[in-house]
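Everything on this sheet refers to the single structure shown next.
The values are calculated or read from the model by the stated rules, or taken from the named source; none is laboratory data. Just so we're clear, the structure is a prediction, and the values are computed from it rather than from any experiment. Reconstructed Cβ throughout: ideal geometry from the backbone, glycine too, with neighbour counts over all protein chains shown.
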Amino acid sequence: MKEYSAADIRNVAVVGHGASGKTSLVDALAFVSGTSKRHGSIKDGTTLTDYTPEETERGYSINLAVAYAECLDTKVNLIDTPGYLDFHGDAVAGLTAADGALCVVSATSGVEVGTEKMFRAAVESKDPILFVVSMMDKEHANFDRTYQQIKERLTSKVIPVEIPIGEGHAFTGVINLFARKAYTYKLGARTGEYAESDIPASEQSRFDKYYSELIEAISATDDALLERYLEGAEIGRDEAIHGMKEAMKRGDLYPLFCVSAEQMIGIGALLTELVQLMPSAYEMEEIHAFKGAEGDRTVEIHALDQNPFAALVFKTMSEPHVGEVSYFRIFSGTVANGAEVFNATRDGVEKMGHLCISSGRERVEVPVLHAGDIGCVAKLRNTHTNDTLSTREHPVRLPQVRFPEPVVQFAVQAAARHDEEKLQQGLHRLHDEDPTFETHYTQETHQTIISGMGERHIDVAMAKLKRKAGVSVEISKPRIAYRETILGKGEGQGRHKKQSGGRGQFGDCWVRMRPRPSGAGYQFIDAIVGGVIPSGFRPAVDRGIQEAAARGVLAGHPMVDFEVELFDGSYHSVDSNEMSFKMAGIQAFKNVAPKCKPVLMEPLDLVEVSTPDEYLGDVMGDLSSRRGQILGSETVEGFGTKVRAYVPQASLHLYATDLSSRTHGRATFTRKLFRYEQMPPDAARKVIEEASKDGKEEGDDE
């Protein structure tokens, strides 16, 4: 394997909507360059970068995968990213590792939700973006329509560099506007071979129209070129390519190409243009990393071999018989096979044994990797996604991948009770592999909760869990962590007396209960005078009350924000002990709390929904139907409106699915716990009845 320096490396994230042809395009680019020996297909499950059982079975990308192509003495690292929003985290990670984005748009479906989201994400990453209209050989393919959609829905700065010769089954080649040549492909050859010729007479008027648009657009981004253009001077091919490249780096222009990955039409030409137009790792601006393990200062990181080694782990994959494979992007310095590196994030040393580059499932071992390259290594001891690998002498922490927050939650339990330990281990491995999949145990509801980007995401994660950890699971709607509190005052006695031969048990206490302000918590007041209860037994009353309060009085939920005053009682010199007074405290709570107007409190989430304006009415109406309190809205520049509301958690299960359906996938939302609030009586009654019913069923089971 040839070694490549930063100036000869292009890191390109291939992004777009699901089923737009990204994986087929990556497969074709690698095949036409010779780095892959087989031209695979989605239908047969043989593509280079969709190789896990979950992907081949479902026919779409789930995980980020890396391949490479070699062209013009340049290595192009191709990062194939998932298109469906449930796996958006891997797409974001791919953009973080790349220096440019290849945004794929289907010639039949046009601009879709995933296209919009990934284009915006690439713009936010300040990546140069190159558009490709894919599937030009399919029925109903339409280049001009797709071009106009990109122009209207994504950016007015898009400009074709290639135009198709024919469409659908008549798609036989492309015209490259830079070269002013036509490339005609032999259908069925599947090898990417083509014949170069002058522009066909039938295509001359189209060529003239698009060529003048291209040169005018490039000239408008550069003062010197514009002056020459206005004077009528000819802009040469090399000048035009250089002008386009510089405009792309500034985000002033986005070139547009067209291909058929299945028929291998336009693939070789696209690969050449990727090398010519995409910036090298060396050309990209420096990034700022935190210096030292504490990270109190920043340092500039440049893609130079002579600088200290610094790399970011942007993806972790767990593979059978191999363990965890860490994919990393080198931002500075070099690393040799077998070298020891320093994990500045976790303060540990790792050995880079079997240093490799990835070509889909296959890994090619290499002696050294240079600044700007992407590599992978297996079996690091304690390194995970978003960790920085550097040197002990120059420890740095690179900016991390900003993964999106999970939006759906389920409770999960092992189908077989003896698999609980395997379940927990498997869930944590899934999180290491995919940070957008989260898991935690909720003490209040005694449930293990899993969170993800959508129902499809959870479904795939559970399939992985079964395959990799051998655990079948049951998932359900999570229980809501309600709370109870009191609105009134009350007092009463708690008395515990037990005689069973020999030494007995005796505890007697009188307490008053009062509400406290929201969020003030629980307080115990010892108001005993005269020693009617010895001081050693009073804390036991407090413990008994707290234990009883944890189970509440209405529906078995913890009682909060109240105070208890212990003001009287009695004891027996022989039969009284701490346990007796703890039992008396429990009894006192059970006797007094129901007199103090107990109410149920429910958790409210602060929900922020960003939606295109055409769906605003639907979104607000839906939030209101979920007992949401609309707080207000604000305009989001270039997108639509953001709505803020408090919504009961009980109304938000699978809200992500409903919102996506309601807005055709174009709205997004975030949620976080805001506060607890008293439930409306009707809603509270249902929860209390449900708890009573569950309690009876448990009693029957016993």
(request) Among the candidates VAL12, VAL76, VAL92, VAL66, single out the residue that is touching a Cys at 6+ places or on another chain (Cβ under 9 Å) and either among the basic types (Lys, Arg) or modelled with pLDDT of 95 or more (or both). (result) VAL66
(request) Out of the residues in region 380-402 that are within 21 Å of the chain's Cα centre (by Cα) and of a type in the set (A, V, I, L, M), state the one that is surrounded by the most Cβ atoms within 10 Å (Cβ to Cβ). (result) LEU398
(request) Quick one: count up the residues across region 213-239 that are of a type in the set (Gly, Ala, Ser), modelled with pLDDT of 95 or more and part of a helix (DSSP H, G or I). (result) 2
(message) Tell me whether region 516-526 contains one or more residues that are hydrophobic (A, V, I, L, M, F, W, C) and modelled with pLDDT under 95.
(response) no
(message) Quick test for you: out of GLY519, GLY569, GLY531, pick the one residue that is loosely packed, with under 14 Cβ neighbours inside 10 Å, in contact (Cβ under 8 Å) with a residue 24 or more places away in the chain and at positive phi.
(response) GLY519
(request) Read through the list (1) in contact (Cβ under 8 Å) with a residue 60 or more places away in the chain; (2) surrounded by 16 or more Cβ atoms within 10 Å (Cβ to Cβ); (3) within 30 Å of ALA684 (Cβ to Cβ), then give the number of the only condition that VAL541 fails. (result) (1)
(request) Given the conditions (1) basic (Lys, Arg); (2) free of Cβ contacts under 8 Å to residues at least 60 places away in the same chain; (3) farther than 13 Å from GLU484 by Cβ, report the number of the one that ARG551 does not fulfil. (result) (3)
(message) Looking at (1) part of a strand (DSSP E or B); (2) within 25 Å of the chain's Cα centre (by Cα); (3) surrounded by fewer than 23 Cβ atoms within 10 Å (Cβ to Cβ), which one does GLU405 not meet, given that it meets all the others?
(response) (1)
(request) Hey, can you tell me all the residues within region 96-127 that are within 19 Å of ALA69 (Cβ to Cβ), modelled with pLDDT of 95 or more and not in a strand (DSSP E or B)? (result) ALA97, ALA98, ASP99
(request) Filter region 637-680 down to residues that are farther than 30 Å from ALA555 by Cβ and either of a type in the set (Ser, Thr, Tyr) or not assigned by TED's automatic domain parsing to the domain that holds SER625 (or both), then give me how many there are. (result) 5
(message) Condition first: within 30 Å of PRO594 (Cβ to Cβ), at pLDDT 95 or above, crowded, with 16+ Cβ neighbours inside 10 Å and touching a helix residue (DSSP H, G or I) at 6+ places or on another chain (Cβ under 9 Å). Can you find one or more residues in region 654-661 that meet it?
(response) no
(request) Could you check, for region 81-88, whether at least one of its residues is without any contact (Cβ under 8 Å) to a residue 24 or more places away in the chain and among the acidic types (Asp, Glu)? (result) no
(message) I'm trying to understand the selection: among the residues of region 143-172, which are among the acidic types (Asp, Glu) and surrounded by fewer than 18 Cβ atoms within 10 Å (Cβ to Cβ)?
(response) ASP144, GLU152
(message) Exactly one of these conditions fails for SER41: (1) at pLDDT below 95; (2) closer than 20 Å to THR436 by Cα. Give me its number.
(response) (2)
(message) With the condition being among the charged types (D, E, K, R), I'd like the strands (runs of 3 or more DSSP E) fully within region 580-668 carrying at least 2 qualifying residues.
(response) 598-611, 640-648
(request) Output the residues belonging to region 421-446 that are in contact (Cβ under 8 Å) with a residue 12 or more places away in the chain, touching a strand residue (DSSP E or B) at 6+ places or on another chain (Cβ under 7 Å) and either among the aliphatic types (A, V, I, L, M) or assigned to a helix (DSSP H, G or I) (or both). (result) LEU423, LEU427, ARG429, ASP432, GLU433
(message) Residue under question is ALA247, and the condition is that it be surrounded by 16 or more Cβ atoms within 10 Å (Cβ to Cβ), outside the structural domain of ASP432 (by TED's automatic domain parsing) and free of Cβ contacts under 8 Å to residues at least 60 places away in the same chain; does it hold?
(response) yes
(request) Could you identify the single residue in GLN493, GLN523, GLN499, GLN546 that is under 46 Å from the mean Cα position of the chain (by Cα) and farther than 29 Å from GLU690 by Cα? (result) GLN523
(request) Could you tell me which of the residues SER134, SER109, SER125, SER156 is over 23 Å from ALA240 (Cα atoms), out of contact with any Asp or Glu (no Cβ under 6 Å at 6 or more places or on another chain) and without any contact (Cβ under 8 Å) to a residue 40 or more places away in the chain? (result) SER125
(request) Among the residues of region 161-182, write down those that are in contact with a strand residue (DSSP E or B) (Cβ under 7 Å, 6 or more places away or on another chain) and more than 16 Å from LEU256 (Cβ to Cβ). (result) THR172, GLY173, LYS181, ALA182
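Rundown of residues vs (1) within 18 Å of ILE450 (Cα to Cα); (2) touching a strand residue (DSSP E or B) at 6+ places or on another chain (Cβ under 9 Å); (3) touching a residue at least 60 places away in the same chain (Cβ under 8 Å), yes/no style:
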{"position": "GLY372", "(1), (2), (3)": "no, yes, yes"}
{"position": "LEU380", "(1), (2), (3)": "no, yes, no"}
{"position": "SER390", "(1), (2), (3)": "no, yes, yes"}
{"position": "GLU393", "(1), (2), (3)": "no, yes, yes"}
{"position": "LEU398", "(1), (2), (3)": "no, yes, yes"}
{"position": "GLU405", "(1), (2), (3)": "yes, yes, yes"}
{"position": "GLN409", "(1), (2), (3)": "yes, yes, yes"}
(request) Would you point out which residue out of ILE287, ILE235 is β-branched (Val, Ile, Thr) and more than 27 Å from ASP144 (Cβ to Cβ)? (result) ILE287
(request) Sort out which residues of region 72-112 are within 21 Å of ARG361 (Cβ to Cβ) and β-branched (Val, Ile, Thr), and write them in order of number. (result) VAL76, ILE79, THR81
(request) Within region 476-496, track down each residue that is in a strand (DSSP E or B) and either touching a helix residue (DSSP H, G or I) at 6+ places or on another chain (Cβ under 7 Å) or at pLDDT below 95 (or both). (result) ILE486, GLY490, GLU491, GLY492, GLN493, GLY494, ARG495, HIS496
(message) Taking the condition of being over 27 Å from the mean Cα position of the chain (by Cα), of a type in the set (Val, Ile, Thr) and crowded, with 22+ Cβ neighbours inside 10 Å, how many residues in region 317-362 meet it?
(response) 2
(request) Please tell me if GLY426 is buried (at least 21 other Cβ atoms within 10 Å of the Cβ) and not assigned by TED's automatic domain parsing to the domain that holds ALA549. (result) yes
